[in-house]
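Participant: The structure that follows is given in the form of structure tokens.
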Amino acid sequence: MSHIPPIIHSARADGSVYLLRWHELEPRVWCAEIAWVQRDMHGWHSQQATVMADDLTPIEGQNYKTVPRQVLRDRFRAPAC
């Protein structure tokens with residue numbers, strides 16, 4: 001079975017989402033790639049976004065230590081958070 005990312009609460013997505021990756025934009029400034037699935041009258045659709053860390057609230061019992069971390073502050077282009 002493939003790896004399933006931990007779940008975290010996102011204010012932007014208004015619910016629980018998968019935490020895919022952390023990005024450090026500058027020292028102690030983090031954003032995260034998140035993904036979730038939602039349903040509308042046409043069926044199920046996956047959504048993905050990049051949000052600032054303060055958008056997220058941990059959920060008890062989840063292991064966030066396995067989430068990949070990437071330092072972007074020395075790179076030309078950082079994701080739009």
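Participant: Taking region 30-44 as the region of interest, how many residues are over 15 Å from Pro6 (Cβ atoms), without any contact (Cβ under 8 Å) to a residue 40 or more places away in the chain and part of a strand (DSSP E or B)?
Facilitator: Residues that pass the stated criteria total 7.
Participant: What is the residue count in region 61-73 for residues that are of a type in the set (A, V, I, L, M, F, W, C) and assigned to a strand (DSSP E or B)?
Facilitator: Final tally of qualifying residues: 1.
Participant: Hey, another quick one. What number of residues in region 26-35 are out of contact with any helix residue (DSSP H, G or I) (no Cβ under 7 Å at 6 or more places or on another chain) and open to solvent by 40 Å² or more (accessible area, probe 1.4 Å)? Walk me through how you get there before you give the answer.
Facilitator: Going through region 26-35, the residues out of contact with any helix residue (DSSP H, G or I) (no Cβ under 7 Å at 6 or more places or on another chain) turn out to be 26-29, 33-35.
Okay, now just the ones that are also open to solvent by 40 Å² or more (accessible area, probe 1.4 Å), so 26-29, 33.
Number satisfying all stated conditions: 5.
Participant: Of everything in region 61-81 that's surrounded by 12 or more Cβ atoms within 10 Å (Cβ to Cβ) and more than 12 Å from Ile7 (Cα to Cα), which residue is modelled with the highest pLDDT?
Facilitator: Gln70
Participant: Just to verify a result, which residue in region 1-25, among those that are among the aliphatic types (A, V, I, L, M) and open to solvent by 20 Å² or more (accessible area, probe 1.4 Å), is farthest from Gln62 (Cα to Cα)?
Facilitator: Checking each candidate, the answer is Leu25.
Participant: May I ask you to list the residues in region 45-60 that are open to solvent by 40 Å² or more (accessible area, probe 1.4 Å), of a type in the set (A, V, I, L, M, F, W, C) and assigned to a strand (DSSP E or B)? Working first, answer last.
Facilitator: Let us first name the residues in region 45-60 that are open to solvent by 40 Å² or more (accessible area, probe 1.4 Å), namely 45-48, 52, 54, 57-60.
Filter again for of a type in the set (A, V, I, L, M, F, W, C), leaving 52, 59.
Met52 - this is the single residue of region 45-60 that is open to solvent by 40 Å² or more (accessible area, probe 1.4 Å), of a type in the set (A, V, I, L, M, F, W, C) and assigned to a strand (DSSP E or B).
The values are calculated or read from the model by the stated rules, or taken from the named source; none is laboratory data. Treat the numbers as computed from the prediction; the structure is a model and nothing was measured. Every residue, glycine as well, gets a Cβ built from its backbone with ideal geometry; the counts of neighbours run over all protein chains shown. Just so you know, the surface numbers come from the protein's heavy atoms only, side chains and all, with ligands and any DNA or RNA stripped out. Shrake-Rupley method; radii C 1.70, N 1.55, O 1.52, S 1.80 Å.
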